[in-house]
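The values are calculated or read from the model by the stated rules, or taken from the named source; none is laboratory data. Note that the structure is a prediction, hence the values are computed from the model and not measured. Positions of Cβ are generated from backbone atoms using ideal geometry, with glycine treated the same way; all protein chains shown enter the neighbour counts.
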Amino acid sequence: MRMYDIILKKRRGLELTTEEINFFVNGFNKDEIPDYQVSSLMMAIFFKGMNKRETADLTMAMAHSGDILDLSRIEGIKVDKHSTGGVGDSVTLVLAPLVASLGIPVAKMSGRGLGHTGGTIDKLETFKGFSVELDNDTFINNVNNIKIAIAGQTKSLAPADKKLYALRDVTATVDNISLIASSIMSKKIASGADAIVLDVKVGDGAFMKNLQDAKNLATEMVSIGEQLGRKTVAIISNMDQPLGFAIGNALEVKEALDTLKGNGPKDLEELVLEIGAQMVVLSEKAHSVEEAKKLLRENLTNGKALNKLKELVESQGGDSSSIYNEELLPKSKFKLIINSDREGYISKILSEDVGLLAMELGAGRKTKDSKIDLAVGIVLKKKIGDKVKKGEELATIYCNSEEAGKSVLSKLKDVIIISDVYEEYKLIYEIVK
Ligand code: URA
């Protein structure tokens with residue numbers, strides 16, 4: 001088999017066989033096929049597309065390019081959750097202990113933040129000493145003992161996807177639905193999931209900027225899951241404003257703790273309950289989404305979910321004292337307040353810009369090797385649809401450099417948009433099964 005022929009075949013718009021897909025993924029993974037040929041194939045795929053079978057084959061080939069986590073020693077149906085990336089998205093911090101508190105196994109691999117989006121692993125490191133590097137036995141034993149473990153993605157998880165993603169990133173071939181869908185699903189399959197719930201974000205702060213693209217991506221991932229024997233459900237949720245009020249690691253942890261105490265922001269709680277209910281139904285612990293939501297709500301208010309987070313933090317060597325005493329969370333030196341200079345209704349909060357401004361304060365990474373400041377970030381005081389008076393507080397900036405804070409303050413004013421008309425904000429658009 002020759003890579004040249006595979007490129008030519010796809011350039012002509014023909015369907016690649018399973019063997020041809022395995023050939024290029026394995027060859028590229030082993031450095032036997034050069035970057036320029038794979039880039040060329042990616043561009044041909046970008047223009048000519050792949051059908052559902054090819055997309056599923058690419059997913060499997062990338063999943064099998066490294067270790068497939070064997071979770072068979074964990075009893076029960078293992079349901080994983082994945083978000084395509086958002087701003088202020090602390091869903092996993094609330095959702096994982098909440099679902100585990102119902103006795104459902106949560107064996108979760110999570111990522112770090114990059115650019116304007118945050119990552120669960122960084123947020124968990126707010127708990128001093130929390131270890132995200134677990135060997136397979138500890139990971140599995142923790143899930144068996146307390147129903148939950150959250151670890152960082154290892155290098156051996158779908159390495160071909162990692163290489164391919166890096167290549168797509170510099171060859172303008174990222175934003176193709178089949179390539180994104182197979183990239184995400186390969187990591188979920190390699191993480192050993194039996195069933196998967198996807199949170200596909202759409203809007204200003206998301207990968208997918210319009211609803212039709214988000215629906216296409218959701219449908220493609222659900223179809224891959226189906227072909228590979230993993231029940232998959234996708235929730236399409238709005239990222240036209242940050243989720244919750246907080247953007248920044250310790251600030252989001254505080255918000256997650258409030259949510260686990262039953263006092264969280266409405267939108268964060270709504271999304272947690274929607275994703276959680278789908279997970280509970282897939283794990284066969286409830287017959288309907290309504291029944292599942294009832295169970296989840298109970299554990300948000302009776303303290304069981306919060307206690308599960310404490311168990312998780314302690315089992316991975318972290319200091320859990322801040323869970324019941326939020327004063328102990330990392331704090332910034334300075335606090336700057338932004339007030340509104342007019343009256344009206346909040347009509348837009350440009351999430352990507354808010355994420356980038358939080359990154360400028362030090363809350364996120366510019367490159368994957370940057371160090372982050374856990375204490376800094378932004379807390380919004382108003383969300384889309386809220387009425388504001390002149391002089392009323394719009395947001396607070398938490399910073400460790402007054403200069404950086406002031407610079408962010410002047411820019412943040414322009415990304416919180418106030419108009420004369422009230423606009424409703426819809427958080428959940430659709431559920432794709
Ligand atoms: N996230 C991924 O993991 N892969 C993509 O291709 C895009 C977003």
With respect to the numbered conditions (1) β-branched (Val, Ile, Thr); (2) within 27 Å of Asn210 (Cα to Cα); (3) not in a loop (DSSP other than H, G, I, E, B), which one is the sole condition not fulfilled by Thr367? (3)
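Yes or no, residue by residue, for (1) out of contact with any helix residue (DSSP H, G or I) (no Cβ under 8 Å at 6 or more places or on another chain); (2) crowded, with 20+ Cβ neighbours inside 10 Å; (3) in contact (Cβ under 8 Å) with a residue 12 or more places away in the chain:
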site: Arg342; (1), (2), (3): yes, no, yes
site: Tyr345; (1), (2), (3): yes, no, yes
site: Gly355; (1), (2), (3): yes, yes, yes
site: Ala363; (1), (2), (3): no, yes, yes
site: Lys371; (1), (2), (3): yes, no, no
site: Ile378; (1), (2), (3): no, yes, yes
site: Asp386; (1), (2), (3): yes, no, yes
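Tell me yes or no: at least one residue of the range 199-206 is touching a His at 6+ places or on another chain (Cβ under 8 Å), within 13 Å of the ligand (Cβ to nearest atom) and touching a residue at least 60 places away in the same chain (Cβ under 8 Å). Break it down into steps so the answer makes sense when it comes.
Of all residues in the range 199-206, those touching a His at 6+ places or on another chain (Cβ under 8 Å) come to 199, 205.
This time we only want the ones that are within 13 Å of the ligand (Cβ to nearest atom), so: 199.
Now narrow it down to the ones that are touching a residue at least 60 places away in the same chain (Cβ under 8 Å): 199.
Yes; the residues of the range 199-206 include at least one that is touching a His at 6+ places or on another chain (Cβ under 8 Å), within 13 Å of the ligand (Cβ to nearest atom) and touching a residue at least 60 places away in the same chain (Cβ under 8 Å).
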If you take the residues in the range 228-251 that are on the phi > 0 side of the Ramachandran plot and touching a residue at least 40 places away in the same chain (Cβ under 8 Å), which one is surrounded by the fewest Cβ atoms within 10 Å (Cβ to Cβ)? Gly244
Residue by residue through the range 44-98, note down the ones that are assigned by the TED database to the domain that holds Ala286, among the polar types (S, T, N, Q) and within 16 Å of the ligand (Cβ to nearest atom). Ser83, Thr84, Thr92
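Provide a single number: the residues in the range 117-142 that are under 22 Å from Asp70 (Cα atoms) and of a type in the set (Val, Ile, Thr). Step through it out loud before you land on a result.
To start, the set of residues in the range 117-142 that are under 22 Å from Asp70 (Cα atoms) comprises 121, 131-142.
From what's left, of a type in the set (Val, Ile, Thr): 121, 132, 138, 140.
So the count comes out to 4.
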What are the residues in the range 249-268 that are of a type in the set (Gly, Ala, Ser) and modelled with pLDDT of 95 or more, if any? Ala250, Ala256, Gly264
Failed condition for Val106, given (1) touching a Pro at 6+ places or on another chain (Cβ under 9 Å); (2) touching a residue at least 60 places away in the same chain (Cβ under 8 Å): (2)
Does Glu314 fit the bill of being surrounded by fewer than 22 Cβ atoms within 10 Å (Cβ to Cβ), under 24 Å from Ile121 (Cβ atoms), out of contact with any Leu (no Cβ under 9 Å at 6 or more places or on another chain) and free of Cβ contacts under 8 Å to residues at least 24 places away in the same chain? yes
Do we find that Lys382 is surrounded by fewer than 18 Cβ atoms within 10 Å (Cβ to Cβ) and either charged (D, E, K, R) or not assigned by the TED database to the domain that holds Pro265 (or both) in this structure? no
Do you know which of the residues in the range 270-288 that are under 20 Å from Lys78 (Cβ atoms) and among the hydrophobic types (A, V, I, L, M, F, W, C) is surrounded by the fewest Cβ atoms within 10 Å (Cβ to Cβ)? Ala286
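Going by what's in this entry, would Ile184 be described as within 16 Å of the chain's Cα centre (by Cα), away from the ligand (no atom under 13 Å from the Cβ), hydrophobic (A, V, I, L, M, F, W, C) and part of a helix (DSSP H, G or I)? Give the derivation first.
Values: within 16 Å of the chain's Cα centre (by Cα): yes; away from the ligand (no atom under 13 Å from the Cβ): no; hydrophobic (A, V, I, L, M, F, W, C): yes; part of a helix (DSSP H, G or I): yes.
Here the answer is no, as Ile184 does not meet what is asked.
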Given the condition without any contact (Cβ under 8 Å) to a residue 12 or more places away in the chain and β-branched (Val, Ile, Thr), answer yes or no: does some residue in the range 155-178 qualify? yes
When you scan the range 137-170, how many residues do you find that are more than 16 Å from the ligand (Cβ to nearest atom) and on the phi > 0 side of the Ramachandran plot? 1
